[in-house]
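The values are calculated or read from the model by the stated rules, or taken from the named source; none is laboratory data. What you are looking at is a predicted structure, and each value in this text was computed from that prediction instead of being measured. Using ideal geometry, Cβ is built from the backbone for each residue, glycine included, and neighbour counts are taken over all protein chains shown. Quick note on the areas: whole protein, heavy atoms, side chains included, nothing else; ligands and nucleic acids left out. Shrake-Rupley method; radii C 1.70, N 1.55, O 1.52, S 1.80 Å.
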Amino acid sequence: MNDREEFLNWVYTSLAQAERAMFDGDAGPRREIWSREEPVSVLGAWRTASNRHELVEAFDVLASSFANCTGYAIELISWDVLGDSAYTVGYERVTTTMDGKPRTFTLRATQVYRREDGGWKVVHRHADAISSPA
């Protein structure tokens with residue numbers, strides 16, 4: 001398996017599982033796939049963070065809003081691996097319960113990754129809702 005295939009496999013397994021857990025109320029797996037090295041940043045649909053401490057806090061607050069994720073899918077429209085860096089651009093389609101109400105929404109998300117200790121870690125996320133969870 002080459003670098004691009006390995007990265008794409010990681011996106012559709014580890015990353016997707018961590019995101020689904022987040023929308024099921026568990027921020028732990030998402031924290032694990034994010035870099036512990038600065039800089040890290042999130043320009044999120046609902047929260048923003050500019051360092052690891054803020055990022056962990058934002059993930060915990062967000063996770064407390066979600067439960068009962070019944071659907072999560074990533075649809076990539078662009079991605080690449082460039083040495084020890086990579087990026088993805090695409091849509092995340094989510095069916096979950098948010099603040100006690102069933103919701104289905106789509107996020108437009110761009111993420112940046114870096115290879116650390118032989119694996120991939122997220123270092124930046126920019127996402128916005130294109131179909132509102134409200």
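Structure values in brief
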| item | result |
| --- | --- |
| Hits in region 1-23 - residues which are in contact (Cβ under 8 Å) with a residue 24 or more places away in the chain and farther than 25 Å from Thr106 by Cβ | Asp3, Arg4 |
| Filter pass, Arg103 being under 15 Å from Ala129 (Cα atoms), out of contact with any Asp or Glu (no Cβ under 9 Å at 6 or more places or on another chain), part of a strand (DSSP E or B) and not polar (S, T, N, Q) | yes |
| Odd one out for Trp46, checked against (1) open to solvent by 30 Å² or more (accessible area, probe 1.4 Å); (2) at pLDDT 95 or above; (3) farther than 21 Å from Trp10 by Cα | (2) |
| Residues being part of a strand (DSSP E or B) and either closer than 19 Å to Pro39 by Cα or hydrophobic (A, V, I, L, M, F, W, C) (or both) - total across region 80-100 | 9 |
| Selected residue (only one of Ala109, Ala129 is closer than 22 Å to Ser64 by Cα, free of Cβ contacts under 8 Å to residues at least 24 places away in the same chain and among the aliphatic types (A, V, I, L, M)) | Ala109 |
| Evaluation of Gly119 against (1) touching a residue at least 24 places away in the same chain (Cβ under 8 Å); (2) surrounded by 13 or more Cβ atoms within 10 Å (Cβ to Cβ); (3) not charged (D, E, K, R) (one fails), failing number | (2) |
| Failed condition for Asp26, given (1) free of Cβ contacts under 8 Å to residues at least 60 places away in the same chain; (2) assigned to a strand (DSSP E or B); (3) not β-branched (Val, Ile, Thr) | (2) |
| Neighbours by Cβ (under 9 Å, 6+ apart or cross-chain): first from region 34-54, of a type in the set (Ser, Thr, Tyr); second part of a strand (DSSP E or B) and at pLDDT below 95 | Ser41/Thr48 |
| Residue that is nearest to the chain's Cα centre (by Cα) [pool: residues in region 49-59 that are surrounded by 13 or more Cβ atoms within 10 Å (Cβ to Cβ) and not in a loop (DSSP other than H, G, I, E, B)] | Phe59 |
| Filtered residues of region 122-134 (kept if outside any loop (DSSP other than H, G, I, E, B) and surrounded by 15 or more Cβ atoms within 10 Å (Cβ to Cβ)) | Val122, Val123, His124, Arg125, His126, Ala127, Ala129 |
| Enumeration of residues in region 62-105 that are open to solvent by less than 60 Å² (accessible area, probe 1.4 Å) and among the aliphatic types (A, V, I, L, M) | Leu62, Ala63, Ala67, Ala73, Ile74, Leu76, Val81, Ala86, Val89, Val94, Met98 |
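So that you can scan it fast, the table gives a plain yes or no per residue for (1) under 16 Å from the mean Cα position of the chain (by Cα); (2) among the small types (Gly, Ala, Ser); (3) at pLDDT 95 or above:
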site	(1), (2), (3)
Thr88	yes, no, yes
Glu92	yes, no, yes
Thr96	yes, no, yes
Lys101	no, no, yes
Tyr113	yes, no, yes
Asp117	no, no, no
Asp128	yes, no, no
Ser131	no, yes, no
